[in-house]
Amino acid sequence: MDIRIATNEAEWESFLQAQEWTPFLQSFPMGEVYRAVGEEPVRLEVREGAGARIVGICQAIMVNAKRGRHLAIMYGPVFHDGLGEELRVSSFLFLVETLIQVAREKNCTFIRMSPFWQKNFLEETSNQKLVTRNLFKPSFRPSPLHLLAEHIWFLNLRGKTEEDIRKNMRSTTRNLIGRAEREGVTIELSTDPVADLHHFLKLHEETRRRHSFTPYTNDFFRAQVEIFSRPRPSPNPSPTCALYLARYQGEVISASIHMIYGGETSYHHGASTGKYAKIPASYLLQWRAIQDALRRGDRVYNFWGIAPLRSRGSPNSQFPIPKHPFAGVTTFKTGFGGELLELEHCMDLPLSKKYFLTWGIETVRKWRRGF
C-alpha cells in the first residue's frame, strides 16, 4: 500500500468517474476552483498491487477560516467500489495518518471530513474500525454543523423515460410546470456560461438578501463556471457545468448552475427574483434540466440537499421537519419524485485545543440557524 501526492489528472478522473457515485467535489477541476479563490487543494491517492493501481483518492482543501485553519474533505475519501474490507480499512487508516501529518505541517487545528458514506455505514462492525479511538489518536468526533448536504434527494434515471418521471411527480408539480409553460416562460441553456453568469449573480444577490443566508462569493461562482467550462486533459468525458436561464416577458427571473460529471447531473446553485413570485419558472427550469440529463444518458439527477424527512400518516408520505431552514426547498425538490440518500454525519478530527473554540461557536450557530 502506497500513499502519494496525486499529479496525474487523467488517472484521477478515470478512477473517480468509474465508481458508482461520482461526487464532483472530489474531482480534479474542483480542486482548481478552490485554488483560484485562494484555498490550496491537497490530493492524495492510494495505490496497491504490483501494477500500483489506484484504489482510493482523497482531495482535501486547506481552509483559512477565522474560526481556525483546517483541512476540509468534501464527500471524500473515495475508494474503489469493489475494495474488500481489509483493504478499505487499511487504506483509510493510511490516509488519515498522512492527512494528520499534512495538517500539522500546515498548522491546522482540525480535519473536517464529510464522507459520501451511506447512513449507518459506521454501525456495521467491520466499518467501526475506521473511526474508533483504539486505532489511532486523536479520534474523530461528530461535527457541530454539517459541511455539505447529508440528506440527498435524487432521481434514478436508469431506464427511465420522460413519461415515467412525470407520472411519479406530485400532481402540484406537474400542474406548476404546465402553468409556467402557459404563462409564456421560456428556458434557455446558455451557450456561453461565463458570459451569461452575470444574470445568475444578480439573482443570487437578491435571493441572498431575501433569505438572509451566507453565500458563496461571486469569485467562487466565476471560478467554478470558468474552470468547468474548459476542456480537460483527460480521456474521459470532460466535466462541465450548465447554466439555465428562465425568462418571463423578456426578463431573466430564475437561473441555476448544474454540474455535469461522471454520469450525474447535480443541481448545485439556484436563484430567483421575488418580483414574479407567482410565476413558477423554477419548476419549468428543473424539468428542462431533467429532460437534458435524460437525453445525455445520465444515470442520476441529483437535487442536492433537503431537510430531514419524517412520515406523516403512512410510510410513503414523507414531509420535511416543520420550521427547518430547508423545509421550503425540500417541498420543491421532492415534488419531482425521487429517492432519499442519507449520508453519515460530518466528522471532525481535533489536532489542537483551539478546535474546541470552533466547536463552541458552531454549536451556538447551529442553534441560531434552527438546525
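What follows draws every value from the coordinates through simple rules; no lab data is involved. Note that the structure is a prediction, hence the values are computed from the model and not measured. Don't worry about glycine lacking a Cβ; one is built from the backbone with ideal geometry, like all the others, and counts go over all protein chains shown.
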Backbone N under 14 Å from the Arg208 label point (7 Å along Cα→Cβ), restricted to region 246-288 = 270-272
With θ set to phi - 60° and the Karplus curve 6.51 cos²θ - 1.76 cosθ + 1.60, what are the ³J(HN,Hα) couplings of region 158-167 in order, to the nearest whole Hz, using x for Gly and Pro?
-> 4, x, 9, 10, 4, 5, 4, 5, 4, 5
Please report, in debye to the nearest 20, how large the charge dipole of the chain is about its Cα centre when each Lys and Arg carries +1 at its beta carbon and each Asp and Glu carries -1 there.
-> 1560 debye
How big is D for region 151-342, in µm² s⁻¹ as a whole number, if Stokes-Einstein is applied with the Kirkwood radius of its Cα pairs at 37 °C and 0.692 mPa s?
-> 189 µm²/s
Region 165-208 to region 334-371: how many Å between their Cα centroids?
-> 30 Å
Can you work out the FRET efficiency for the pair Ile5 and Glu181, with r the C-beta to C-beta distance and R0 = 45 Å, to the nearest 0.05?
-> 0.30
Consider the candidate values (i) 21.0, 64; (ii) 21.1, 68; (iii) 20.2, 56; state which one is Rg and Dmax of the Cα atoms in Å computed from the structure displayed.
-> (i)
Once both label points are put 7 Å beyond Cα along the C-beta direction, the Tyr216-Arg365 separation in nm becomes 1.8 nm
Degrees separating the helix 193-211 axis from the principal Cα axis of the chain, which is the longest one | 90 degrees
Pairs beyond 21 Å (Cα-Cα), from Lys202/Lys278; Lys160/Lys333; Lys167/Lys333; Lys167/Lys275; Lys106/Lys353; Lys160/Lys278 | Lys167/Lys275; Lys160/Lys278
In Hz, Karplus ³J(HN,Hα) per residue of region 261-267 (6.51, -1.76, 1.60; θ = phi - 60°; x = Gly, Pro) = 7, x, x, 10, 10, 10, 7
Furthest towards positive pole of dipole, Leu25, Gly338, Thr265, structure part the chain, Cβ charges | Gly338
Rounded to the nearest 10, the angle in degrees between the Cα long axis of helix 281-296 and the longest principal axis of the Cα atoms of the chain comes to 60 degrees
